[in-house]
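Step one of this worksheet: look at the structure below.
The values are calculated or read from the model by the stated rules, or taken from the named source; none is laboratory data. All figures in this text were calculated on a predicted structure; none of them were measured in a lab. So basically every Cβ, Gly included, is an ideal-geometry build from the backbone, and we count neighbours across all protein chains shown.
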Amino acid sequence: MVNSAAKLHVDNISLGFGGIKALQNVGFTVGHGEIVAVIGPNGAGKTSLINSITGFYRPQTGAIRLDGVDITPLPPYKRAQLGIARTFQNIALYTNMTALDNLMAARHIHMKANAFTSAIFYGLARREEIANRQRVEEIVDFLEMENIRKAIVGNLSYGLRKRVELGRALALEPTLLLLDEPMAGMNVEEKEDMARFILDIHERQKMTIVLIEHDMGLVMDISQRVVAIDFGRKIAEGTPDEIKQDEHVIKAYLGQEI
Amino acid sequence: MSSNIRPSGVFDTSYAQDIALNRTRADKWLSNGLFLLLLLLPLLSSDGPLGLNIVPTLWIGTLNRIAIFVIAVQGLNVLTGYCGQISLGHAAFMAVGAYTGAILGRQLGMTFWLALPIAALVTGLVGLIFGLPSLRVKGFYLAMATLAAQFIIPWLLRYPLEPLTNGSRPLDVPVPTLFGISFAADGAMFYIIIPAAVFLSLAARNMLRSRVGRALISVRDNDIAAEQMGINVFNYKLLAFFVAAMFAGIAGCLAAYNTNSVSLDTFLLDQSIAMLAMLVIGGAGYPLGPMFGVTLVLLLQQIIIPSLIPPLNNVLPGLLPFINSVNIYAALSPLIFGAALAIFLVFNPRGLAHRWEIIKIAWKLRPFSH
Ligand SMILES: Nc1ncnc2c1ncn2[C@@H]1O[C@H](COP(=O)(O)OP(=O)(O)OP(=O)(O)O)[C@@H](O)[C@H]1O
Ligand SMILES: [Mg+2]
């Protein structure tokens, strides 16, 4: 039963590492323009799920469909070219580049210069540098990063690096944005900023977003639907309110406040 | 890093100005002026038509050698500095360029101007083949795989290809000519080698500031993220190997035509390691790194150390009786060279180019240092 209307269809994927079953028959769909949160205790398999969607991990069974098209055989860089962008739980920026260059690097799929035209520079390469710089500056403005644009990202604070990483994902102009714990380890103010940015992206660009988040308060505020996983299995799916009442979810988080 | 610091009072008014190499008119005059000055040097030497003897011809020869190695190390910088792939086979790639150029010129009577680009292309393709292991291995293991190039290529040139290469014996190389002008003297080769070095350094610099350069650095800084941000990591690694080998091939070919002879023992492992040392000392990943590193190392090897040996020779035999004054040069120069490199690296672990950026920032910020 392929839902061709769905932006993303995770079709019963299973992923194992030796003896560890990271994901077992996990399946759900995300509609166009929806924000879906994926929750679950530590080690539940949330990051593995995102890695399977981007193609970094290869599930042994099941399929990933984007706009109804089976992208399971595609390598990660081709999936990015189809409009999937992500952020990483443990920030994975290009440490020695400036914030601006990190964003410009994500324009790769929208640019054309090859080794030869890059080396000549004048003409095509220069023109597209300027045009893409304009797009990137819009993102810099939107994420309020004007004063750090030329800073080497390795020297930035944790919160700012998370923000640059969101900017890099946006610079790719994705149609599906995957955010792996975008607010983890931030202070309250930074979390509020990040939540505001995510909601803005969703509203203004009608972006489809899948986000992993531990903070149930934030999940309630931001997401329209929630998928809960535990020990690699999907244990519940529904609106934030339904999830809060779900007995499997409560059991999975036993002893924790949700 | 210096790119984020502007001279006080200079503001960019467009993105075009922000990405320009020379942001102010003064910068532009300075770099063009320096280039012109450089081009004047041979005219002031005894090789020049004016018969002046202001610049010693020895300098011209040294500048040629520096420029040749700048080209080779620029290539290594693309591969190691930008793309983060270590190669221990760079000298072997130079050998491919040198022998291809020499054989095309000698056996086939091809003009130098055609032999050079063909040598570059052939070397690039050879580099591509030896870059294939980078699909599967990284870092230390890749270094070992490139070491294979450093053993296989000289072996091939020495034995199976001996009828073409003259094996272990040097091979004579013709003199390049253009419209009847012969480029025999150092002062003439200068006008081939220096523009080539400037042109290729600019090409590397341009690549760095555009799409391809950022992709290469992305691969170096975080290949997992790069792949998931739409960059075909393997293609870019191969591209880096191709470009690096091509630069080495051009350098090798120029070296062959510069000295009018090729000999295998100038392209061995010690030379590969010396080029890595030049890159690291100059600053890997900085556009100016190769210039600084090559200049320092060659000046050290060819001018500074040789001039240190005679005075040392007078003191040492009494001090270190085991050093025989007959082979004192062979005994001491590696020692002094090694010590000098170690000291440079201790004080400039990120290379001279990085130190240079710090100095430039301090200079640009004056008089407001805060
Ligand atoms: N590359 C890998 N090799 C081996 N095991 C792995 C690998 N990646 C993930 N796992 C295992 O798969 C399981 C799920 O890990 P995953 O990182 O997806 O969890 P998570 O839900 O993101 O956890 P957290 O909340 O801590 O980020 C864990 O048991 C983990 O050890
Ligand atoms: Mg995780």
Near pairs, Cβ below 6 angstrom, 6+ apart or cross-chain, from segment A:3-21 (among the acidic types (Asp, Glu)) to any residue that is modelled with pLDDT of 95 or more and within 8 Å of ligand 1 (Cβ to nearest atom): none
Test result for A:Asn90, within 12 Å of chain B (Cβ to nearest Cβ), assigned to a loop (DSSP other than H, G, I, E, B), surrounded by fewer than 16 Cβ atoms within 10 Å (Cβ to Cβ) and without any contact (Cβ under 8 Å) to a residue 12 or more places away in the chain: yes
Subset of segment A:170-212 [among the basic types (Lys, Arg) and either within 16 Å of ligand 1 (Cβ to nearest atom) or over 18 Å from A:Val30 (Cα atoms) (or both)]: A:Lys191, A:Arg196, A:Arg204
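Let's see how each residue does on (1) in contact with a strand residue (DSSP E or B) (Cβ under 8 Å, 6 or more places away or on another chain); (2) away from chain B (no Cβ under 14 Å); (3) more than 16 Å from ligand 2 (Cβ to nearest atom):
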site	(1), (2), (3)
A:Pro182	yes, yes, no
A:Glu189	no, yes, yes
A:Ala195	no, yes, yes
A:Leu211	yes, yes, no
A:Val219	yes, yes, no
A:Ile235	yes, yes, yes
A:Pro240	yes, yes, yes
A:His248	yes, yes, yes
A:Lys251	no, yes, yes
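Quick check on segment A:224-236: of everything there that is under 18 Å from the mean Cα position of the chain (by Cα) and over 16 Å from A:Leu8 (Cα atoms), which residue is farthest from ligand 1 (Cβ to nearest atom)? Talk me through it step by step, then tell me what you get.
At the first step, the residues of segment A:224-236 found to be under 18 Å from the mean Cα position of the chain (by Cα) are A:224-229.
Remaining after also requiring over 16 Å from A:Leu8 (Cα atoms): A:228-229.
Values: A:Ala228: 11, A:Ile229: 7 Å.
So, considering only residues that are under 18 Å from the mean Cα position of the chain (by Cα) and over 16 Å from A:Leu8 (Cα atoms), the one farthest from ligand 1 (Cβ to nearest atom) is A:Ala228.
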Single match in A:Arg65, A:Arg86 (criterion: within 13 Å of ligand 2 (Cβ to nearest atom) and at pLDDT 95 or above): A:Arg86
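Which ones in segment A:193-227 are among the acidic types (Asp, Glu) and either more than 24 Å from A:Asn90 (Cβ to Cβ) or assigned by TED's automatic domain parsing to the domain that holds A:Thr29 (or both)? Working first, answer last.
Restricting attention to segment A:193-227, the residues satisfying the condition of being among the acidic types (Asp, Glu) are A:193, A:200, A:203, A:213, A:215, A:221.
Of everything in segment A:193-227, those that are among the acidic types (Asp, Glu) and either more than 24 Å from A:Asn90 (Cβ to Cβ) or assigned by TED's automatic domain parsing to the domain that holds A:Thr29 (or both) turn out to be A:Asp200, A:Glu203, A:Glu213, A:Asp215, A:Asp221.
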Subset of segment A:213-223 that is free of Cβ contacts under 8 Å to residues at least 60 places away in the same chain and within 16 Å of ligand 1 (Cβ to nearest atom) - its residue that is surrounded by the fewest Cβ atoms within 10 Å (Cβ to Cβ): A:Asp215
Residue within segment B:219-236 that is in a helix (DSSP H, G or I), more than 9 Å from every other protein chain (Cβ to nearest Cβ) and among the charged types (D, E, K, R) present: yes
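Matching residues to (1) aliphatic (A, V, I, L, M); (2) touching a residue at least 24 places away in the same chain (Cβ under 8 Å); (3) crowded, with 21+ Cβ neighbours inside 10 Å:
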| site | (1), (2), (3) |
| --- | --- |
| B:Thr80 | no, yes, yes |
| B:Gly101 | no, yes, yes |
| B:Gln107 | no, yes, no |
| B:Trp113 | no, yes, no |
| B:Leu121 | yes, yes, no |
| B:Ile129 | yes, no, no |
| B:Leu135 | yes, yes, no |
| B:Glu162 | no, no, no |
Failed item in (1) more than 7 Å from chain B (Cβ to nearest Cβ); (2) at pLDDT 95 or above, with A:Leu124 passing the rest: (2)
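Each row is one residue, and each column tells you yes or no for (1) more than 14 Å from chain B (Cβ to nearest Cβ); (2) within 16 Å of ligand 2 (Cβ to nearest atom); (3) surrounded by fewer than 23 Cβ atoms within 10 Å (Cβ to Cβ).
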residue: A:Leu8; (1), (2), (3): yes, no, no
residue: A:Gln24; (1), (2), (3): yes, no, yes
residue: A:Phe28; (1), (2), (3): yes, no, yes
residue: A:Ile39; (1), (2), (3): yes, yes, no
residue: A:Asn42; (1), (2), (3): yes, yes, yes
residue: A:Gly45; (1), (2), (3): yes, yes, no
residue: A:Asn51; (1), (2), (3): no, yes, no
residue: A:Phe56; (1), (2), (3): no, yes, yes
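Just checking, does segment A:68-80 include any residue being more than 11 Å from chain B (Cβ to nearest Cβ) and either in a strand (DSSP E or B) or within 13 Å of ligand 2 (Cβ to nearest atom) (or both)? I'd like the intermediate steps shown before the answer.
Within segment A:68-80, the first condition is being more than 11 Å from chain B (Cβ to nearest Cβ), and the residues that meet it are A:68-74.
With the extra rule that they be either in a strand (DSSP E or B) or within 13 Å of ligand 2 (Cβ to nearest atom) (or both), the set shrinks to A:69-70.
Yes: segment A:68-80 contains one or more residues that are more than 11 Å from chain B (Cβ to nearest Cβ) and either in a strand (DSSP E or B) or within 13 Å of ligand 2 (Cβ to nearest atom) (or both).
Taking helices (runs of 4 or more DSSP H) that fall entirely within segment B:106-209, which contain at least 3 residues that are within 14 Å of chain A (Cβ to nearest Cβ) and closer than 19 Å to B:Ala244 by Cα?
Working: elements: B:112-131, B:139-158, B:162-165, B:186-208.
Result: B:112-131, B:186-208.
Within segment A:93-102, how many residues are facing chain B (nearest Cβ under 8 Å) and either of a type in the set (Lys, Arg) or more than 15 Å from B:Ala226 (Cβ to Cβ) (or both)?
1
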Pair list, Cβ under 9 Å, 6 or more apart: segment A:41-60 residue more than 7 Å from ligand 1 (Cβ to nearest atom) and modelled with pLDDT of 95 or more, other residue among the aliphatic types (A, V, I, L, M) and part of a loop (DSSP other than H, G, I, E, B): A:Ile53/A:Ile71; A:Gly55/A:Ile71; A:Gly55/A:Leu74
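For segment A:144-154, check the following and say yes or no: at least one residue is out of contact with any Pro (no Cβ under 6 Å at 6 or more places or on another chain), within 16 Å of ligand 2 (Cβ to nearest atom) and more than 14 Å from chain B (Cβ to nearest Cβ).
Restricting attention to segment A:144-154, the residues satisfying the condition of being out of contact with any Pro (no Cβ under 6 Å at 6 or more places or on another chain) are A:144-154.
Narrowing further to those that are within 16 Å of ligand 2 (Cβ to nearest atom): none.
Within segment A:144-154 (the criterion being out of contact with any Pro (no Cβ under 6 Å at 6 or more places or on another chain), within 16 Å of ligand 2 (Cβ to nearest atom) and more than 14 Å from chain B (Cβ to nearest Cβ)), the answer is no, since none of the residues qualifies.
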Lone qualifier among A:Ala106, A:Ala115, A:Ala119 - being surrounded by 20 or more Cβ atoms within 10 Å (Cβ to Cβ) and modelled with pLDDT of 95 or more: A:Ala106
